[in-house]
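To start, the structure under review is shown below, and the notes come after it.
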Amino acid sequence: TSVWLTWDTNALYIAFLCVDSNVVATYTNHDDDVWREDVCEVLIDSVGDGQQYIQVDVGPLGGTFDRLFAILDDGKSPDGSPGPGERRPWGVQEWDVEGLQAGAAILGQAGAPYGWTAELAIPAAVLMRPEGVAALAPTVMRANFLRHDYASFTNGQDTVTPHNWVPAPAGLAYLSPG
């Protein structure tokens, strides 16, 4: 799996190339459960303060899913006294990346897949809303990139086994922007 990024003042552009001879995909719509099959995910904290981030997923047939996360603190230290506590994400599934553009294609020869590609264009106005601006400019963001690769096999029944790729440092949750 490879991932590339570039940007201009209008959007952040992300492309994935996934090598896969067994592409598992049926979802084609927005807000489908694309994470239940082969999928690429992007998690971006555009401010870099660890307080909120967005998740955008795209599957091999172009189905997408997006969510806004706010990081909540329960206000209790590990010993139960008041203070910084457990930080946990709270997701808003009804939220949508306004203007999101996504595309995907399965790559193959003679009817046999050898991989798939996915591309995203995330509008600057969405990413920079917490900063109160609508255009991208040089900045520092926190991000993470994931790929879920499901291997289908039949052993009396159809099952899928996930294999995940994510460049997360040890000790950090993979479903966070780092």
(request) Quick one: which residue in Leu17, Leu61 is of a type in the set (A, V, I, L, M), assigned to a loop (DSSP other than H, G, I, E, B), within 16 Å of the chain's Cα centre (by Cα) and modelled with pLDDT of 95 or more? (result) Leu61
(request) Can you tell me which residue among Asp66, Asp38, Asp8, Asp31 is of a type in the set (Asp, Glu), out of contact with any Ser or Thr (no Cβ under 8 Å at 6 or more places or on another chain) and open to solvent by 10 Å² or more (accessible area, probe 1.4 Å)? (result) Asp8
(message) Under 9 Å between Cβ atoms, which residue pairs at least 6 apart in sequence (or on different chains) link something in the stretch 6-17 that is over 16 Å from Met128 (Cβ atoms) and of a type in the set (Ser, Thr, Tyr) with a partner that is open to solvent by 60 Å² or more (accessible area, probe 1.4 Å) and at pLDDT 95 or above?
(response) Thr6/Tyr13
(message) Would you confirm, using the coordinates I've provided, whether Val133 is over 15 Å from Ser21 (Cα atoms), in contact with a Gly (Cβ under 7 Å, 6 or more places away or on another chain) and not in a strand (DSSP E or B)?
(response) no
(request) Within the stretch 11-25, track down each residue that is farther than 15 Å from Asp149 by Cα and either of a type in the set (Ser, Thr, Tyr) or crowded, with 20+ Cβ neighbours inside 10 Å (or both). (result) Ala11, Leu12, Tyr13, Ile14
(request) Would you please name the residue that is least open to solvent (accessible area, probe 1.4 Å), looking only at residues in the stretch 104-119 that are out of contact with any Leu (no Cβ under 7 Å at 6 or more places or on another chain) and under 20 Å from Tyr13 (Cα atoms)? (result) Ala118
(message) Would you confirm, using the coordinates I've provided, whether Leu43 is buried (at least 22 other Cβ atoms within 10 Å of the Cβ) and either modelled with pLDDT of 90 or more or not polar (S, T, N, Q) (or both)?
(response) yes
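The values are calculated or read from the model by the stated rules, or taken from the named source; none is laboratory data. Remember, predicted model here, so these are calculated numbers, not experimental data. Note that each Cβ is placed from the backbone with ideal geometry, even for glycine, and that neighbours are counted across all protein chains shown. Ligands, DNA and RNA are stripped out before the accessible areas are found, and what is left, the full protein with its side chains, is counted by its heavy atoms. Shrake-Rupley method; radii C 1.70, N 1.55, O 1.52, S 1.80 Å.
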